[in-house]
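What follows is a short report on a single structure.
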Amino acid sequence: MQKLRLVNPTVVSLAGLAIVLFIFTTPYRHSFFDTYEPDGIVSTSSSGSGRPIAKNSTLTVARVPKGCDIFRGEWVPDDNGAVPYYTNRSCPFIQEHQNCMKYGRPDLGFLRWRWRPSGCDLPRFDAAGFLDAVRGRSMAFVGDSLARNHMQSLMCLLAKVEYPKDVSTTQNQEFRTLHYASHNFTVSVFWSPFLVKANLSDSDNGSGRLWNLYLDEPDDAWLPFVAGDDYVVISAATWFTRPSLFYESGRLVACYYCLVPGVPELTLQYSLRVAHRTALRAVASLPGFNGTAIVRTVSPTSHFEGGKWDKGGDCRRTRPYAANEARVAGLDLDFYTAQVEEFEAAEKAARERGVRMMLMDTTAAMVLRPDGHPSRYGHWAHENVSLYNDCVHWCLPGPIDVWSEMLLQMLLA
C-alpha cells in the first residue's frame with residue numbers, strides 16, 4: 001500500500017487542543033431508531049416491488065482490479081449525474097445533527113462528486129451485493145460518534161434493499177444491534193470513544209471535563225461482545241483531545257492538560273497510540289475471535305475555518321479540495337501516524353495468531369472534503385440550541401458514503 005504523503009505538523013496550542021470538539025463529540029442520547037417502528041418494517045427490493053432476495057443468490061459485484069490502492073486518488077465530478085444513494089425521506093436512520101437536507105442546507109453540489117482512486121475506478125455502492133457478501137455474518141462498529149455516523153450511512157445505503165429489525169438487548173441507545181432477516185446479517189454499534197477503560201475523574205472538582213484513561217485495559221463495554229463477530233470495524237480519535245489522566249498498571253503515570261501538580265504532561269499522540277495498541281492486541285488475542293478486524297484511520301478534525309470550533313469556526317465550502325490543495329497535517333497527522341504504526345505492529349502479531357487485520361485508510365480522501373460537514377445545518381436556524389458549527393461529523397447523504405464503497409471492496413478482497 002502506498003504511504004500517505006505527509007507534511008510537517010503545525011503547532012497547535014495546548015489550551016486549544018484541550019477543548020477541541022468537547023461539545024461535538026458528546027454522545028447523542030436519543031435513539032436513531034425513533035423515526036420508525038422496527039417491528040413494522042418489511043424487506044423490499046430496490047424496485048419497490050417487494051420481491052424477496054433469493055436465499056442462495058450469488059450476485060456478481062463489481063470489483064476494483066487487483067493491486068489498485070482505493071485509498072489514494074482524488075474527488076472528481078460525477079459526470080454521470082448520478083443522484084444520491086438516498087435522501088432524508090428515503091432513509092429513516094439519519095441522526096438529526098447530520099440531517100443536512102432536512103435542515104435546509106442550500107447547496108447540494110457537494111453530493112455530485114465521486115472518489116476516483118489513482119489507478120482504477122471505485123464502483124458505486126451495490127446494496128444487494130453488499131448484503132449478499134455478508135449473508136449469514138455479523139459486523140460490529142466500535143468507537144465514537146463517527147463510528148455511529150459510519151454505521152448509519154451504511155444502513156441508509158442498505159435501505160434500498162432491506163430495512164433491519166432492532167434486536168438490541170439493552171435500552172442504552174449507544175449499544176444497538178440490528179438484524180437483516182432476509183440475509184441473516186447482524187450489525188451492531190458499541191460506544192467506546194477511547195477504546196480502553198475510561199471514566200470521568202473527580203480530580204477536577206466535579207467539572208466533568210477531566211477523564212481517567214486506563215490505557216492498558218481494553219474497554220469491557222465492547223471487547224467481550226465481539227468475539228463471535230465476523231468483522232469488527234474499530235475507530236477512535238476525537239475524544240483523545242479531552243483533558244485526561246493516564247493510568248498504566250493501575251497507577252497514574254502522566255496526563256494531558258490536567259493541571260494536576262506533580263503529574264507530568266504527555267501528548268495526545270501518546271494516549272491515542274497506547275489505547276490503540278491495547279485495543280488491537282486485545283482483539284488479536286481475544287478467545288474465540290477468528291474474524292477480521294478493520295481499523296479505520298482518523299477522520300479530519302481540521303476543517304474549521306475562521307476561528308476555533310467554539311470561536312465562530314465554520315466549514316462553509318461547497319466543493320472538495322483538489323488533490324494538491326490540502327494534505328494531512330497537525331493533530332490529524334499525529335493521530336494518523338500513531339494509528340498506522342500501531343496497526344502495522346498489531347497486524348504482524350495478529351497474523352501469527354491466525355487473525356486477519358485490515359487498514360481502512362480513509363484519511364487522505366476525507367481531508368479533501370471540507371464541504372461535507374453539517375456546519376449549521378443540524379438544526380433549524382430559529383432554534384435556541386447550544387450547538388456549535390459541526391465540522392467533524394458528515395452529512396447524510398454525503399462524502400462519508402464512500403467509506404461503505406471502500407468497505408465493500410475490502411470485504412471482497
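The values are calculated or read from the model by the stated rules, or taken from the named source; none is laboratory data. What you see is a predicted model; the values in this text were computed from it and never measured. Reconstructed Cβ throughout: ideal geometry from the backbone, glycine too, with neighbour counts over all protein chains shown. For the accessible areas, the whole protein counts, side chains as well, though only heavy atoms, and no ligand, DNA or RNA atoms are used. Shrake-Rupley method; radii C 1.70, N 1.55, O 1.52, S 1.80 Å.
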Heavy-atom accessible area order for Arg296, Arg135, largest first, 1.4 Å probe
Arg135, Arg296
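Could you state the accessible area per residue of segment 228-357 in Å², with a 1.4 Å probe and every protein chain left in place? Present the calculation step by step, with values, prior to reporting the outcome.
Values: 5390 Å² over 130 residues.
About 41 Å² of surface per residue is accessible.
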Taking every eigenvalue of the Cα gyration tensor of segment 175-295, multiplying by 5 and rooting it, what semi-axes result, largest first, whole Å?
31, 15, 11
List, in order, the whole-Hz ³J(HN,Hα) value for each residue of segment 267-273 obtained from phi through the Karplus relation with A = 6.51, B = -1.76, C = 1.60 and θ = phi - 60°; use x for Gly and Pro.
8, 4, 4, 5, 5, 5, 4
Which whole-Hz couplings ³J(HN,Hα) result when phi for each residue of segment 120-133 is put into the Karplus expression 6.51 cos²θ - 1.76 cosθ + 1.60, θ = phi - 60°, listed in order with x for Gly and Pro?
6, 9, 8, x, 5, 5, 10, 4, 5, x, 4, 5, 5, 5
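Within the P(r) computed for segment 225-265, what percentage of the Cα pairs occupies the region above 10 Å? All intermediate terms of the calculation are to be shown ahead of the outcome.
Values: 615 of 820 pairs.
Result for the distance tail: 75 percent.
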Provide the net charge surrounding Glu347, with neighbours chosen by a C-beta distance below 13 Å and charges set as Lys +1, Arg +1, Asp -1, Glu -1.
+1
Run the 1.4 Å probe and let me know the accessible area of Thr87, rounded to the nearest 10 Å².
50
Long-range HN-HN contacts of Met358 with modeled amide H, under 5 Å:
Ala293, Ile294, Val295
Quick one: which residues, 5+ away or cross-chain, put their amide H under 5 Å from the amide H of Trp211? H built at 1.01 Å from N.
Ser201, Ser244, Leu245
What are the ³J(HN,Hα) couplings of segment 218-232, residue after residue, when phi is run through the Karplus curve with 6.51, -1.76, 1.60 and θ = phi - 60°? Round to Hz, x for glycine and proline.
x, 6, 6, 5, 10, 4, x, 8, 9, 4, x, 7, 7, 9, 10
Just how much of Trp113 is accessible, in Å², when a 1.4 Å probe is used and the result is rounded to the nearest 10?
50
Value of relative contact order over segment 195-317, rounded to a whole percent, pairs C-alpha under 8 Å and six or more apart
26
